[in-house]
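The values are calculated or read from the model by the stated rules, or taken from the named source; none is laboratory data. Given the structure is predicted, the values throughout are model-derived calculations rather than measurements. Methodologically, a virtual Cβ is constructed for each residue, glycine included, from the backbone with ideal geometry; neighbour enumeration extends over all protein chains shown.
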Amino acid sequence: MARLRRPATDPSQNPAAKARDRAAHTGAVDIPTGDYDLSHDNGQLLIRTHTEGPAAAMGHNLTIEVDYWSGQVTLGTTPATSQVQVTADLRHLTVIGGAGGAKPLTESDRPKILANAAKALEPERFPELSFASSAIDGTWDDGSVTGELTVHGVTGPVELRLDQPEQGVLRLAGTIRQSDFGVRPFSTMMGALKLTDGVDIEVSIPFA
């Protein structure tokens, strides 16, 4: 995964910019302030699902990557002066992992999983997932990001966690309820095996 780089500037030639950069170093990483463009080329957007029901052990807890997405981050001198927005195309998903299950996840399982996801998300009708922050609180290591999420044509408030899982990487993560956005979780075997209403979303942003 390519690391994210901001538009070319040289803060070393600007004492005020250097001071802003030092103030932005709250936490364990050294990230200059500025505007950054995000995409699938320099970050990762993941969706994680979980099974429930009497036959939950037969299903897989899935990790699905969104293949096409973009966004912008404005990093201020503190999280509170920063902003983030992301737009993703839910027509382009890849199943990259599946834990548990009665048998290991196979290549033939992947298109079936995506077909089931398409039935729930209706991506041809509602292709776009979008998020725009309205407030960021806390620190780079332990913060919260609130904003508006649009999925399945429905917009609602969500709160995501902000942290740094490793040096030079910022991560937003949280759980959304599918039913809050008009999405009916996948269910089979008369409900004996189904997905939980809560789905985990994670965006990882590596900075140079």
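Details
- Considering (1) modelled with pLDDT under 95; (2) surrounded by fewer than 16 Cβ atoms within 10 Å (Cβ to Cβ), the lone condition that PRO206 does not fulfil carries the number (2).
- Enumerated strands (runs of 3 or more DSSP E) restricted to the stretch 106-208, each holding at least 3 residues that are among the small types (Gly, Ala, Ser): 128-138, 143-151
Per-residue answers, yes or no, for (1) out of contact with any strand residue (DSSP E or B) (no Cβ under 6 Å at 6 or more places or on another chain); (2) within 22 Å of THR94 (Cα to Cα); (3) among the β-branched types (Val, Ile, Thr); (4) free of Cβ contacts under 8 Å to residues at least 12 places away in the same chain:
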| site | (1), (2), (3), (4) |
| --- | --- |
| PHE126 | yes, yes, no, no |
| SER130 | no, yes, no, no |
| GLY147 | no, no, no, no |
| GLU166 | yes, no, no, yes |
| SER179 | yes, no, no, no |
| PHE207 | no, no, no, no |
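- Assessment of the stretch 178-192 against the conditions (touching a helix residue (DSSP H, G or I) at 6+ places or on another chain (Cβ under 7 Å) and of a type in the set (Phe, Trp, Tyr)) yields at least one matching residue.
- Restricting attention to the stretch 53-78 and to residues that are of a type in the set (Val, Ile, Thr) and either without any contact (Cβ under 8 Å) to a residue 12 or more places away in the chain or assigned to a strand (DSSP E or B) (or both), the residue that is surrounded by the most Cβ atoms within 10 Å (Cβ to Cβ) turns out to be VAL73.
- Verdict on VAL158 being within 26 Å of GLU52 (Cβ to Cβ) and crowded, with 18+ Cβ neighbours inside 10 Å: yes
- Residues within the stretch 130-155 that are farther than 17 Å from VAL73 by Cβ and touching a Leu at 6+ places or on another chain (Cβ under 6 Å), tallied: 1
- Of all residues in the stretch 79-119, those being over 21 Å from the mean Cα position of the chain (by Cα), buried (at least 16 other Cβ atoms within 10 Å of the Cβ) and among the charged types (D, E, K, R) number 1.
- Filtered by the rule that a residue be of a type in the set (Val, Ile, Thr), farther than 18 Å from LEU160 by Cα and part of a strand (DSSP E or B), the stretch 32-52 gives a lone residue, THR51.
- Within the stretch 131-155, the set of residues being of a type in the set (Val, Ile, Thr) and surrounded by fewer than 20 Cβ atoms within 10 Å (Cβ to Cβ) comprises THR139, THR146, THR150, VAL154, THR155.
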